[in-house]
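Visitor: This is the structure I have questions about; it appears just below.
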Amino acid sequence: MTKSATKEGTTRYAQKYAGRAAGGHFRETQRMELSSLGIGTYLGQPDEKTDAAYTAAVVAAVENGINVIDSAINYRFQRSERSIGAALLQLGAKGFTREEIVLCTKGGYLTPDGALPADPNEYFFREYIQHGLFSAKDLAAGSHCMTPKFLKNQLGRSLKNLGVECVDVYYLHNPETQLSEVPKPEFLQRVRSAFEFLESAVQAGEIRYYGMATWNGFRQDPRARDAMQLAEIAQIAQEIAGGMHHFRFVQLPFNLGMPEALTLGNQMQRERARTLAEAAADLDIAVIASASLLQGQVARNLPESVAEAFGLENDAERALQFARSAPGITTALVGMSRVEHAKANARLVSVAPATVEEFSKLFSRGEGA
(Lines give C-alpha, C1' and ligand atoms only; values in the text may rest on other atoms or scores of the structure.)
Protein backbone atom coordinates (compact mmCIF):
# COMPACT_ATOMS: atom_id res chain seq x y z
CA MET A 1 0.00 0.00 0.00
CA THR A 2 1.08 3.57 -0.58
CA LYS A 3 2.08 5.75 2.34
CA SER A 4 -0.97 7.92 3.11
CA ALA A 5 -4.30 9.19 1.87
CA THR A 6 -4.02 11.53 -1.12
CA LYS A 7 -6.32 13.79 -3.07
CA GLU A 8 -5.98 11.52 -6.09
CA GLY A 9 -6.53 8.34 -4.11
CA THR A 10 -9.55 9.51 -2.15
CA THR A 11 -11.08 11.00 -5.30
CA ARG A 12 -10.61 7.66 -7.03
CA TYR A 13 -12.29 5.96 -4.08
CA ALA A 14 -15.27 8.32 -4.30
CA GLN A 15 -15.54 7.70 -8.03
CA LYS A 16 -15.86 3.95 -7.39
CA TYR A 17 -19.19 4.72 -5.73
CA ALA A 18 -20.42 7.24 -8.30
CA GLY A 19 -23.41 5.06 -9.16
CA ARG A 20 -24.34 4.38 -5.56
CA ALA A 21 -23.26 7.25 -3.33
CA ALA A 22 -25.65 10.17 -3.15
CA GLY A 23 -24.47 13.68 -3.84
CA GLY A 24 -22.92 15.19 -0.73
CA HIS A 25 -21.78 11.90 0.78
CA PHE A 26 -18.17 12.67 -0.05
CA ARG A 27 -16.78 16.02 1.07
CA GLU A 28 -13.47 17.59 0.17
CA THR A 29 -11.36 18.95 3.00
CA GLN A 30 -7.61 19.40 3.42
CA ARG A 31 -6.98 18.03 -0.08
CA MET A 32 -8.79 14.75 0.59
CA GLU A 33 -12.26 13.36 -0.15
CA LEU A 34 -13.83 12.12 3.10
CA SER A 35 -17.03 10.11 3.41
CA SER A 36 -19.76 11.77 5.47
CA LEU A 37 -19.78 8.72 7.76
CA GLY A 38 -16.74 7.21 9.45
CA ILE A 39 -16.19 4.02 11.41
CA GLY A 40 -15.24 4.31 15.07
CA THR A 41 -13.51 1.53 17.03
CA TYR A 42 -13.86 2.50 20.70
CA LEU A 43 -16.11 -0.02 22.44
CA GLY A 44 -15.72 -3.74 22.98
CA GLN A 45 -13.82 -6.29 25.00
CA PRO A 46 -10.04 -6.69 24.57
CA ASP A 47 -10.32 -10.22 23.20
CA GLU A 48 -9.70 -12.08 19.97
CA LYS A 49 -13.39 -12.39 19.08
CA THR A 50 -13.82 -8.61 19.17
CA ASP A 51 -10.53 -8.15 17.32
CA ALA A 52 -11.82 -10.25 14.43
CA ALA A 53 -15.23 -8.58 14.48
CA TYR A 54 -13.69 -5.11 14.18
CA THR A 55 -11.41 -6.22 11.37
CA ALA A 56 -14.40 -7.56 9.43
CA ALA A 57 -16.43 -4.43 10.18
CA VAL A 58 -13.68 -2.12 8.89
CA VAL A 59 -13.41 -4.14 5.69
CA ALA A 60 -17.19 -4.04 5.23
CA ALA A 61 -17.32 -0.28 5.88
CA VAL A 62 -14.66 0.49 3.27
CA GLU A 63 -16.26 -1.89 0.78
CA ASN A 64 -19.57 -0.04 1.22
CA GLY A 65 -18.47 3.56 0.71
CA ILE A 66 -16.98 4.63 4.06
CA ASN A 67 -13.32 5.64 3.80
CA VAL A 68 -12.75 7.36 7.18
CA ILE A 69 -11.43 5.07 9.93
CA ASP A 70 -10.99 6.41 13.47
CA SER A 71 -9.20 4.89 16.43
CA ALA A 72 -6.90 5.68 19.37
CA ILE A 73 -3.97 3.80 20.83
CA ASN A 74 -5.82 3.23 24.11
CA TYR A 75 -8.96 1.80 22.48
CA ARG A 76 -9.19 -1.76 23.73
CA PHE A 77 -5.56 -1.65 24.96
CA GLN A 78 -4.11 -1.06 21.44
CA ARG A 79 -6.13 -3.91 19.94
CA SER A 80 -8.46 -1.70 17.89
CA GLU A 81 -5.48 -0.25 16.02
CA ARG A 82 -4.24 -3.78 15.37
CA SER A 83 -7.67 -4.83 14.11
CA ILE A 84 -7.52 -1.92 11.66
CA GLY A 85 -4.04 -2.98 10.59
CA ALA A 86 -5.36 -6.47 9.80
CA ALA A 87 -8.26 -4.93 7.88
CA LEU A 88 -5.90 -2.80 5.78
CA LEU A 89 -4.07 -5.93 4.71
CA GLN A 90 -7.33 -7.56 3.68
CA LEU A 91 -8.45 -4.43 1.85
CA GLY A 92 -5.15 -4.30 -0.01
CA ALA A 93 -5.76 -7.85 -1.22
CA LYS A 94 -9.21 -6.74 -2.41
CA GLY A 95 -7.79 -3.90 -4.51
CA PHE A 96 -8.13 -0.93 -2.17
CA THR A 97 -5.01 1.19 -1.80
CA ARG A 98 -3.72 3.04 1.24
CA GLU A 99 -4.11 6.38 -0.54
CA GLU A 100 -7.89 5.85 -0.76
CA ILE A 101 -8.37 5.53 3.01
CA VAL A 102 -8.28 8.34 5.60
CA LEU A 103 -6.73 6.82 8.70
CA CYS A 104 -7.03 8.67 12.03
CA THR A 105 -5.78 7.83 15.51
CA LYS A 106 -5.03 9.55 18.81
CA GLY A 107 -2.46 9.71 21.57
CA GLY A 108 -2.48 11.08 25.10
CA TYR A 109 -3.73 8.37 27.43
CA LEU A 110 -1.52 5.79 29.06
CA THR A 111 -2.53 2.35 27.92
CA PRO A 112 -1.41 -1.22 28.54
CA ASP A 113 -0.45 -3.48 25.64
CA GLY A 114 -3.16 -5.95 24.73
CA ALA A 115 -4.39 -6.74 28.24
CA LEU A 116 -4.43 -5.19 31.68
CA PRO A 117 -1.15 -6.02 33.48
CA ALA A 118 -1.17 -7.49 36.97
CA ASP A 119 0.44 -4.31 38.30
CA PRO A 120 -0.36 -1.33 36.05
CA ASN A 121 1.79 1.09 38.06
CA GLU A 122 4.84 -1.16 37.72
CA TYR A 123 4.16 -1.57 33.99
CA PHE A 124 3.96 2.16 33.30
CA PHE A 125 7.00 2.87 35.46
CA ARG A 126 9.04 0.27 33.58
CA GLU A 127 7.76 1.17 30.11
CA TYR A 128 7.76 4.95 30.35
CA ILE A 129 9.21 6.62 33.44
CA GLN A 130 12.37 4.53 33.47
CA HIS A 131 12.94 5.47 29.82
CA GLY A 132 12.50 9.17 30.55
CA LEU A 133 9.37 9.63 28.43
CA PHE A 134 7.64 11.55 31.19
CA SER A 135 7.79 12.19 34.89
CA ALA A 136 5.01 12.16 37.47
CA LYS A 137 4.51 15.93 37.14
CA ASP A 138 3.71 15.50 33.43
CA LEU A 139 0.67 13.34 34.18
CA ALA A 140 -2.85 14.64 34.62
CA ALA A 141 -5.63 12.64 36.27
CA GLY A 142 -3.07 9.87 36.72
CA SER A 143 -3.50 8.78 33.11
CA HIS A 144 -2.94 11.60 30.62
CA CYS A 145 0.31 12.86 29.15
CA MET A 146 1.35 14.87 26.10
CA THR A 147 5.09 15.40 26.43
CA PRO A 148 6.91 15.29 23.08
CA LYS A 149 8.86 12.16 24.08
CA PHE A 150 5.68 10.37 25.10
CA LEU A 151 3.84 11.36 21.92
CA LYS A 152 6.78 10.24 19.80
CA ASN A 153 6.69 6.87 21.53
CA GLN A 154 2.93 6.55 21.14
CA LEU A 155 2.96 7.55 17.48
CA GLY A 156 5.63 4.94 16.81
CA ARG A 157 3.54 2.28 18.51
CA SER A 158 0.44 3.34 16.58
CA LEU A 159 2.24 3.15 13.25
CA LYS A 160 3.41 -0.36 14.13
CA ASN A 161 -0.05 -1.41 15.33
CA LEU A 162 -1.67 -0.10 12.16
CA GLY A 163 1.05 -1.47 9.88
CA VAL A 164 1.48 1.85 8.06
CA GLU A 165 4.20 4.43 7.55
CA CYS A 166 1.94 7.45 8.00
CA VAL A 167 -1.28 8.40 9.79
CA ASP A 168 -3.47 10.93 7.98
CA VAL A 169 -4.83 12.65 11.12
CA TYR A 170 -3.17 12.32 14.52
CA TYR A 171 -5.15 13.82 17.40
CA LEU A 172 -4.13 14.91 20.85
CA HIS A 173 -6.66 12.89 22.81
CA ASN A 174 -8.79 14.91 25.24
CA PRO A 175 -6.06 17.46 25.99
CA GLU A 176 -8.49 19.35 28.23
CA THR A 177 -7.79 16.62 30.81
CA GLN A 178 -4.60 18.53 31.57
CA LEU A 179 -6.61 21.60 32.58
CA SER A 180 -7.98 19.69 35.55
CA GLU A 181 -4.56 19.95 37.17
CA VAL A 182 -2.42 22.65 35.54
CA PRO A 183 -3.03 26.40 35.09
CA LYS A 184 -4.00 27.70 31.65
CA PRO A 185 -0.55 29.24 30.84
CA GLU A 186 1.16 25.92 31.65
CA PHE A 187 -1.43 24.05 29.59
CA LEU A 188 -0.82 26.27 26.56
CA GLN A 189 2.94 25.73 26.91
CA ARG A 190 2.36 21.98 26.94
CA VAL A 191 0.22 22.32 23.81
CA ARG A 192 3.02 24.31 22.16
CA SER A 193 5.57 21.60 22.95
CA ALA A 194 3.22 18.93 21.62
CA PHE A 195 2.53 20.89 18.44
CA GLU A 196 6.25 21.40 17.84
CA PHE A 197 6.69 17.63 17.93
CA LEU A 198 3.65 17.05 15.70
CA GLU A 199 4.89 19.52 13.09
CA SER A 200 8.21 17.66 13.11
CA ALA A 201 6.32 14.39 12.61
CA VAL A 202 4.63 15.92 9.56
CA GLN A 203 8.05 16.84 8.18
CA ALA A 204 9.25 13.29 8.87
CA GLY A 205 6.31 11.89 6.87
CA GLU A 206 4.78 10.07 9.85
CA ILE A 207 1.56 12.10 9.93
CA ARG A 208 -0.15 14.35 7.39
CA TYR A 209 -2.23 16.51 9.72
CA TYR A 210 -2.82 16.77 13.43
CA GLY A 211 -5.66 17.97 15.59
CA MET A 212 -7.45 17.72 18.91
CA ALA A 213 -10.06 15.09 19.72
CA THR A 214 -11.99 16.45 22.69
CA TRP A 215 -14.97 15.63 24.85
CA ASN A 216 -15.62 18.77 26.88
CA GLY A 217 -12.96 21.22 25.73
CA PHE A 218 -14.80 22.89 22.87
CA ARG A 219 -18.34 22.45 24.27
CA GLN A 220 -17.94 24.32 27.54
CA ASP A 221 -18.88 27.77 28.68
CA PRO A 222 -15.68 29.76 28.09
CA ARG A 223 -15.41 30.41 31.84
CA ALA A 224 -15.19 26.70 32.66
CA ARG A 225 -11.83 25.45 33.88
CA ASP A 226 -11.47 22.90 31.05
CA ALA A 227 -12.80 25.15 28.27
CA MET A 228 -10.56 25.76 25.25
CA GLN A 229 -10.57 28.49 22.63
CA LEU A 230 -9.93 27.20 19.12
CA ALA A 231 -8.46 30.49 17.89
CA GLU A 232 -5.98 30.48 20.79
CA ILE A 233 -4.93 26.91 19.99
CA ALA A 234 -4.65 27.62 16.25
CA GLN A 235 -2.51 30.68 17.01
CA ILE A 236 0.06 28.40 18.63
CA ALA A 237 0.28 26.33 15.45
CA GLN A 238 0.52 29.54 13.43
CA GLU A 239 3.42 30.77 15.56
CA ILE A 240 5.26 27.46 15.15
CA ALA A 241 4.80 26.87 11.43
CA GLY A 242 3.14 29.94 9.93
CA GLY A 243 0.26 29.74 7.50
CA MET A 244 1.39 26.29 6.37
CA HIS A 245 0.77 24.70 9.79
CA HIS A 246 -0.92 21.31 9.87
CA PHE A 247 -3.34 21.75 12.79
CA ARG A 248 -6.37 21.16 10.57
CA PHE A 249 -8.80 18.86 12.41
CA VAL A 250 -10.88 18.91 15.58
CA GLN A 251 -13.14 16.15 16.82
CA LEU A 252 -15.90 16.59 19.37
CA PRO A 253 -19.22 14.98 20.30
CA PHE A 254 -22.10 16.14 18.15
CA ASN A 255 -25.51 14.49 18.14
CA LEU A 256 -29.17 15.19 18.86
CA GLY A 257 -28.42 15.30 22.58
CA MET A 258 -25.15 17.25 22.34
CA PRO A 259 -25.55 19.94 19.64
CA GLU A 260 -23.22 22.54 21.19
CA ALA A 261 -20.86 22.70 18.18
CA LEU A 262 -23.66 24.44 16.27
CA THR A 263 -25.65 26.08 19.02
CA LEU A 264 -23.28 27.40 21.67
CA GLY A 265 -21.52 30.69 20.99
CA ASN A 266 -18.58 29.90 23.27
CA GLN A 267 -15.67 30.69 20.95
CA MET A 268 -14.46 34.27 21.18
CA GLN A 269 -13.07 35.36 17.83
CA ARG A 270 -12.53 38.87 16.57
CA GLU A 271 -14.27 40.20 19.67
CA ARG A 272 -17.49 38.34 19.07
CA ALA A 273 -18.92 35.03 20.20
CA ARG A 274 -19.02 32.29 17.59
CA THR A 275 -19.92 28.62 17.58
CA LEU A 276 -17.17 26.05 17.29
CA ALA A 277 -18.29 25.24 13.74
CA GLU A 278 -18.11 28.91 12.74
CA ALA A 279 -14.70 29.40 14.34
CA ALA A 280 -13.34 26.26 12.67
CA ALA A 281 -14.58 27.37 9.24
CA ASP A 282 -12.82 30.72 9.64
CA LEU A 283 -9.59 28.96 10.58
CA ASP A 284 -9.72 26.31 7.81
CA ILE A 285 -10.08 23.50 10.34
CA ALA A 286 -12.28 20.48 9.58
CA VAL A 287 -14.80 19.39 12.23
CA ILE A 288 -15.36 15.68 12.81
CA ALA A 289 -18.35 14.60 14.88
CA SER A 290 -17.83 11.81 17.39
CA ALA A 291 -20.50 9.97 19.40
CA SER A 292 -23.03 10.48 16.61
CA LEU A 293 -25.35 7.97 18.29
CA LEU A 294 -24.08 8.71 21.82
CA GLN A 295 -23.53 4.97 22.33
CA GLY A 296 -27.09 4.29 21.25
CA GLN A 297 -28.74 6.83 23.54
CA VAL A 298 -30.05 8.92 20.62
CA ALA A 299 -30.82 5.96 18.36
CA ARG A 300 -34.31 5.25 19.67
CA ASN A 301 -37.49 6.98 20.85
CA LEU A 302 -36.76 10.20 18.98
CA PRO A 303 -39.48 12.85 18.67
CA GLU A 304 -41.89 12.34 15.79
CA SER A 305 -40.70 15.61 14.27
CA VAL A 306 -37.32 14.00 13.55
CA ALA A 307 -39.00 11.26 11.53
CA GLU A 308 -41.08 13.87 9.74
CA ALA A 309 -37.98 15.85 8.84
CA PHE A 310 -35.71 13.02 7.71
CA GLY A 311 -37.94 10.06 6.86
CA LEU A 312 -35.65 6.99 6.67
CA GLU A 313 -36.29 3.60 8.23
CA ASN A 314 -35.42 3.96 11.90
CA ASP A 315 -34.22 6.34 14.60
CA ALA A 316 -30.60 5.24 14.32
CA GLU A 317 -30.55 6.30 10.68
CA ARG A 318 -32.26 9.57 11.53
CA ALA A 319 -29.75 10.33 14.28
CA LEU A 320 -26.87 9.67 11.87
CA GLN A 321 -28.56 11.78 9.23
CA PHE A 322 -28.75 14.61 11.74
CA ALA A 323 -25.03 14.42 12.56
CA ARG A 324 -23.74 14.02 8.98
CA SER A 325 -26.04 16.75 7.61
CA ALA A 326 -25.13 19.46 10.10
CA PRO A 327 -23.59 22.54 8.46
CA GLY A 328 -19.87 22.57 9.19
CA ILE A 329 -19.54 18.86 10.00
CA THR A 330 -17.27 16.98 7.58
CA THR A 331 -17.68 13.41 8.86
CA ALA A 332 -19.88 11.85 11.54
CA LEU A 333 -18.23 8.93 13.33
CA VAL A 334 -20.18 5.96 14.61
CA GLY A 335 -18.90 2.85 16.32
CA MET A 336 -19.21 -0.25 14.14
CA SER A 337 -17.99 -3.38 15.85
CA ARG A 338 -19.73 -5.90 13.59
CA VAL A 339 -20.24 -6.37 9.86
CA GLU A 340 -23.99 -5.96 10.23
CA HIS A 341 -23.44 -2.56 11.89
CA ALA A 342 -21.25 -1.42 9.01
CA LYS A 343 -23.70 -2.57 6.36
CA ALA A 344 -26.69 -1.06 8.14
CA ASN A 345 -25.02 2.33 8.59
CA ALA A 346 -23.73 2.27 5.02
CA ARG A 347 -27.33 2.38 3.82
CA LEU A 348 -27.01 6.15 4.24
CA VAL A 349 -24.25 6.26 1.64
CA SER A 350 -26.98 6.19 -0.99
CA VAL A 351 -29.11 8.79 0.83
CA ALA A 352 -28.40 12.46 0.26
CA PRO A 353 -27.63 14.43 3.43
CA ALA A 354 -30.44 16.69 4.56
CA THR A 355 -30.41 20.14 2.99
CA VAL A 356 -29.56 23.17 5.09
CA GLU A 357 -33.23 24.17 4.90
CA GLU A 358 -34.42 20.76 6.15
CA PHE A 359 -31.81 20.69 8.88
CA SER A 360 -32.51 24.25 9.98
CA LYS A 361 -36.26 23.64 10.12
CA LEU A 362 -35.70 20.71 12.47
CA PHE A 363 -33.29 22.71 14.59
CA SER A 364 -35.66 25.64 14.84
CA ARG A 365 -38.12 23.32 16.57
CA GLY A 366 -35.58 22.90 19.32
CA GLU A 367 -34.82 19.21 18.80
CA GLY A 368 -31.70 18.29 20.77
CA ALA A 369 -31.30 21.81 22.10
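The values are calculated or read from the model by the stated rules, or taken from the named source; none is laboratory data. Computed from a predicted model, the values in this text were never measured in an experiment. Every residue, glycine among them, receives a Cβ derived from its backbone with ideal geometry; neighbour counts consider all protein chains shown. Note: areas computed on protein heavy atoms with side chains; ligands, DNA, RNA excluded. Shrake-Rupley method; radii C 1.70, N 1.55, O 1.52, S 1.80 Å.
Visitor: Quickly run through the range 124-152 and pick out the residues that are assigned to a helix (DSSP H, G or I), farther than 20 Å from Gln189 by Cα and open to solvent by 10 Å² or more (accessible area, probe 1.4 Å).
Guide: Residues satisfying the conditions are Phe124, Phe125, Arg126, Glu127, Ile129.
Visitor: Report, by residue number, each residue of the range 87-115 that is free of Cβ contacts under 8 Å to residues at least 40 places away in the same chain and either open to solvent by less than 40 Å² (accessible area, probe 1.4 Å) or out of contact with any helix residue (DSSP H, G or I) (no Cβ under 6 Å at 6 or more places or on another chain) (or both).
Guide: Within the range 87-115, Ala87, Leu91, Ala93, Lys94, Gly95, Leu110, Thr111, Pro112 meet the criteria.
Visitor: Would you be able to say whether some residue in the range 355-368 is touching a helix residue (DSSP H, G or I) at 6+ places or on another chain (Cβ under 9 Å), part of a helix (DSSP H, G or I), of a type in the set (D, E, K, R) and farther than 18 Å from Gly38 by Cβ?
Guide: Yes; the residues of the range 355-368 include at least one that is touching a helix residue (DSSP H, G or I) at 6+ places or on another chain (Cβ under 9 Å), part of a helix (DSSP H, G or I), of a type in the set (D, E, K, R) and farther than 18 Å from Gly38 by Cβ.
Visitor: Being at pLDDT 95 or above and surrounded by fewer than 15 Cβ atoms within 10 Å (Cβ to Cβ), is that true of even one residue in the range 205-218?
Guide: yes
Visitor: Take the residues in the range 228-254 that are touching a Phe, Trp or Tyr at 6+ places or on another chain (Cβ under 8 Å) and under 18 Å from Trp215 (Cβ atoms); name whichever of them is surrounded by the fewest Cβ atoms within 10 Å (Cβ to Cβ).
Guide: For the range 228-254, the residue satisfying everything is Pro253.
Visitor: Looking at Pro185, is it surrounded by fewer than 16 Cβ atoms within 10 Å (Cβ to Cβ) and at negative phi?
Guide: yes
Visitor: Right, another one. In this structure, is Tyr128 among the aromatic types (Phe, Trp, Tyr) and at pLDDT 95 or above?
Guide: No, not satisfied.
Visitor: Let me ask something else. If a residue has to be farther than 20 Å from Gly156 by Cβ and open to solvent by less than 10 Å² (accessible area, probe 1.4 Å) to count, how many in the range 63-86 make the cut?
Guide: Counting residues in the range 63-86 that are farther than 20 Å from Gly156 by Cβ and open to solvent by less than 10 Å² (accessible area, probe 1.4 Å) gives 4.
Visitor: Given the criterion part of a helix (DSSP H, G or I), modelled with pLDDT of 95 or more, open to solvent by 20 Å² or more (accessible area, probe 1.4 Å) and closer than 22 Å to Ala261 by Cα, identify the matching residue among Ala281, Ala344, Ala277, Ala316.
Guide: Ala281
Visitor: Spot the failing condition for Val306; the list is (1) over 27 Å from Ala56 (Cβ atoms); (2) among the β-branched types (Val, Ile, Thr); (3) surrounded by 23 or more Cβ atoms within 10 Å (Cβ to Cβ), and only one is missed.
Guide: (3)
Visitor: Please pick out the residue among Ile66, Ile39, Ile73, Ile84 that is of a type in the set (A, V, I, L, M) and assigned to a strand (DSSP E or B).
Guide: Among Ile66, Ile39, Ile73, Ile84, only Ile39 is of a type in the set (A, V, I, L, M) and assigned to a strand (DSSP E or B).
Visitor: I've got another one for you. Please verify whether the range 249-265 includes one or more residues that are within 28 Å of Ser200 (Cβ to Cβ) and touching a Lys or Arg at 6+ places or on another chain (Cβ under 7 Å).
Guide: Yes, the range 249-265 contains at least one residue that is within 28 Å of Ser200 (Cβ to Cβ) and touching a Lys or Arg at 6+ places or on another chain (Cβ under 7 Å).
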